[in-house]
Amino acid sequence: NAGVMQNPRHLVRRRGQEARLRCSPMKGHSHVYWYRQLPEEGLKFMVYLQKENIIDESGMPKERFSAEFPKEGPSILRIQQVVRGDSAAYFCASSSGNFQETQYFGPGTRLLVL
Amino acid sequence: AQTVTQSQPEMSVQEAETVTLSCTYDTSESDYYLFWYKQPPSRQMILVIRQEAYKQQNATENRFSVNFQKAAKSFSLKISDSQLGDAAMYFCAYSGQGGSEKLVFGKGTKLTVNP
């Protein structure tokens, strides 16, 4: 499967726990974007990363959320001390970085905070 | 900041008929990109069609076409010969030139296809 991979597909956490969401971009893609979709809403941009660099984190909540895209391995979106309001679908997209290349989306991770 | 508005929360169409989904956007940029994404019940985001603002010709992809009116900042999606598999949420999205190229999404239109 050469598409964008995300895991886990479903994640259940209790309030106060940590959530780690993983994204492996399409082969040949070095740009990763994370979006969040709250129930009945459109997707909202969170962060844009290239390998080892955060390019734009203007959509990231100021606290508890962090993202990385190491030289080796998948991109990680980390949510510390989760609260019920973090329950949402988190989508990762990737692109090749060529000017205005289309972003291709993964299947998403559905996070449920109990 | 750019905004995308989809004024139709829900639409329905009879199988084999044509339906048009509306989208307007606001931007001060002169060059940008517009997209329609489909989200079926599986919730996978699927690119339907893409339009470059500098192109006057409307994009088409099989049964899907757009009506891009740059001056009016309007970008509607027409689905011809609707099929049951077209039932989904449809999101209009904007991406500007340069910068982070992040996508700005509308709130979506839920399309129901009636047999």
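This table checks each residue for (1) among the charged types (D, E, K, R); (2) farther than 30 Å from A:ILE55 by Cα; (3) assigned to a strand (DSSP E or B).
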{"position": "B:GLN51", "(1), (2), (3)": "no, no, yes"}
{"position": "B:GLN56", "(1), (2), (3)": "no, yes, no"}
{"position": "B:VAL66", "(1), (2), (3)": "no, yes, yes"}
{"position": "B:SER76", "(1), (2), (3)": "no, yes, yes"}
{"position": "B:TYR94", "(1), (2), (3)": "no, no, yes"}
{"position": "B:GLU101", "(1), (2), (3)": "yes, no, no"}
{"position": "B:LEU111", "(1), (2), (3)": "no, yes, yes"}
Residues (under 12 Å from A:HIS29 (Cα atoms) and more than 7 Å from every other protein chain (Cβ to nearest Cβ)) located in the range A:89-103: A:ALA93, A:SER94, A:SER95, A:SER96, A:GLY97, A:ASN98, A:GLU101
List, please: which pairs have Cβ atoms under 6 Å, are six or more places apart or on different chains, and start with a residue in the range A:67-82 that is farther than 12 Å from A:GLN50 by Cα and end with one that is of a type in the set (Phe, Trp, Tyr) and at pLDDT 95 or above? A:LEU77/A:TRP34; A:ILE79/A:PHE65
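Rundown of residues vs (1) in contact (Cβ under 8 Å) with a residue 60 or more places away in the chain; (2) within 14 Å of another protein chain (Cβ to nearest Cβ); (3) in contact with a Ser or Thr (Cβ under 6 Å, 6 or more places away or on another chain), yes/no style:
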residue: B:ILE79; (1), (2), (3): yes, no, no
residue: B:GLN83; (1), (2), (3): yes, no, no
residue: B:ALA93; (1), (2), (3): yes, yes, no
residue: B:LEU103; (1), (2), (3): yes, yes, yes
Out of the residues in the range B:5-54 that are surrounded by 15 or more Cβ atoms within 10 Å (Cβ to Cβ) and either within 15 Å of B:GLU101 (Cα to Cα) or acidic (Asp, Glu) (or both), state the one that is farthest from the other protein chains (Cβ to nearest Cβ). B:THR27
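The values are calculated or read from the model by the stated rules, or taken from the named source; none is laboratory data. Given the structure is predicted, the values throughout are model-derived calculations rather than measurements. For neighbour counting, all protein chains shown are included, and Cβ atoms are generated from backbone atoms with ideal geometry for every residue, glycine included.
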